[in-house]
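Participant: I am attaching a structure below and will ask some questions about it afterwards.
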Amino acid sequence: MTLNEFPPDEFDAWAESYDESVRTGCGFPFDGYEDVLQTAACLADVAPGDAVLDLGAGTGNLAVLLAAQGARLWCLDFSAEMLAKAREKLPEANFARSDLRAGWPPAFQRRYTAIVSGYTFHHFPLEEKVAQIRRLFEQHLQPGGRLVIADITFPDAAAQEACAHQLGSEWEPEYYWLADEALRAFKEAGWQAEYTQVSPCAAVFKITP
Ligand SMILES: C[S@@+](CC[C@H](N)C(=O)[O-])C[C@H]1O[C@@H](n2cnc3c(N)ncnc32)[C@H](O)[C@@H]1O
């Protein structure tokens, strides 16, 4: 089944109210949002001066946590309005409006100590997630670096099905992570992965080549 693509203008329209929806939201899909981002920031394990790329940076909530640890930030997102919000919070960071699956501007064509992403990879099917991660490892991660992905994730298909059943007509199918199949795919690719289920519907993966 191919699921809906969400174009940049849908995220542009959400930018003004995004922070309110994540912070006041409880239950699916933003259950535990603050803890999820804190866990990701902790697992990114950055030191002052480290170069960090945030893919699908949105309004900059994850990037802000990393900047507070002294990281230098490169924030990429295809929504101009989301990036405008992030710019207000992160005046020192680098920004690019680009689809993360496309070619990036020259200033972003470099290697990073850590690459992070919050609530973005669930827009892509698993094969595409794996292909993107491979590209990040081959072209953008420094030796010894790490990729940290925080996203809507269920432990397995049964847990996702139970959530869908509970939500009924409010359930919106997307390519949410299923931790068991993702961990199998990472292992097949030869990568090391650490997985932390932070809330019933969100987890953080730390992946290294
Ligand atoms: C749900 S928001 C998450 C924002 C932020 N990372 C957070 O954790 O709150 C998803 C973000 O990913 C961006 N996005 C979705 N698909 C994208 C793509 N293919 N390329 C670049 N950005 C994308 C959207 O514009 C949006 O800002």
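The values are calculated or read from the model by the stated rules, or taken from the named source; none is laboratory data. Just so we're clear, the structure is a prediction, and the values are computed from it rather than from any experiment. Here the Cβ positions follow ideal geometry from the backbone for every residue, glycine too, while neighbour counts run over all protein chains shown.
Participant: Only residues that are part of a loop (DSSP other than H, G, I, E, B) and among the charged types (D, E, K, R): list them for the stretch 18-31, please.
Facilitator: Once the filter is applied, which keeps residues that are part of a loop (DSSP other than H, G, I, E, B) and among the charged types (D, E, K, R), the stretch 18-31 yields only Asp31.
Participant: Can you tell me which residue within the stretch 26-50, out of those that are out of contact with any Lys or Arg (no Cβ under 7 Å at 6 or more places or on another chain) and surrounded by fewer than 13 Cβ atoms within 10 Å (Cβ to Cβ), is modelled with the lowest pLDDT?
Facilitator: Cys26
Participant: Going through the stretch 33-64 one residue at a time, which ones are among the charged types (D, E, K, R) and within 12 Å of the ligand (Cβ to nearest atom)?
Facilitator: Glu34, Asp54
Participant: Now for a separate question. When residues of the stretch 165-181 are filtered for being over 20 Å from Asp35 (Cβ atoms) and surrounded by 16 or more Cβ atoms within 10 Å (Cβ to Cβ), how many remain?
Facilitator: 2
Participant: Okay, next question. Only residues that are β-branched (Val, Ile, Thr) and either in contact with a His (Cβ under 7 Å, 6 or more places away or on another chain) or without any contact (Cβ under 8 Å) to a residue 24 or more places away in the chain (or both): list them for the stretch 1-47, please. Outline the logic, then answer.
Facilitator: Going through the stretch 1-47, the residues β-branched (Val, Ile, Thr) turn out to be 2, 22, 24, 36, 39, 46.
Across the stretch 1-47, the qualifying residues are Thr2, Thr24.
Participant: Could you give me the residue pairs with C-beta distances under 7 Å whose first residue belongs to the stretch 81-107 and is closer than 18 Å to Leu136 by Cα and among the hydrophobic types (A, V, I, L, M, F, W, C), whose second residue is within 12 Å of the ligand (Cβ to nearest atom) and assigned to a loop (DSSP other than H, G, I, E, B) wherever it lies, and which are 6+ apart or on separate chains?
Facilitator: So the pair list comes out as Ala96/Trp104; Leu100/Gly56; Trp104/Ser98.
Participant: Take the stretch 99-116 and flag every residue that is more than 15 Å from the ligand (Cβ to nearest atom) and part of a loop (DSSP other than H, G, I, E, B).
Facilitator: Gln109, Arg110, Arg111
Participant: For the stretch 145-162: of the residues being in contact with a strand residue (DSSP E or B) (Cβ under 7 Å, 6 or more places away or on another chain) and of a type in the set (Gly, Ala, Ser), which is farthest from Leu37 (Cα to Cα)?
Facilitator: Ala157
Participant: Name the single residue, out of those in the stretch 117-151 being under 14 Å from the mean Cα position of the chain (by Cα) and part of a strand (DSSP E or B), that is surrounded by the fewest Cβ atoms within 10 Å (Cβ to Cβ).
Facilitator: Arg146
Participant: Only one residue in Phe121, Phe78 is of a type in the set (Phe, Trp, Tyr), in contact with a Pro (Cβ under 6 Å, 6 or more places away or on another chain) and either modelled with pLDDT of 95 or more or within 13 Å of the ligand (Cβ to nearest atom) (or both), so which one is that?
Facilitator: Checking each option against the conditions leaves just Phe78.
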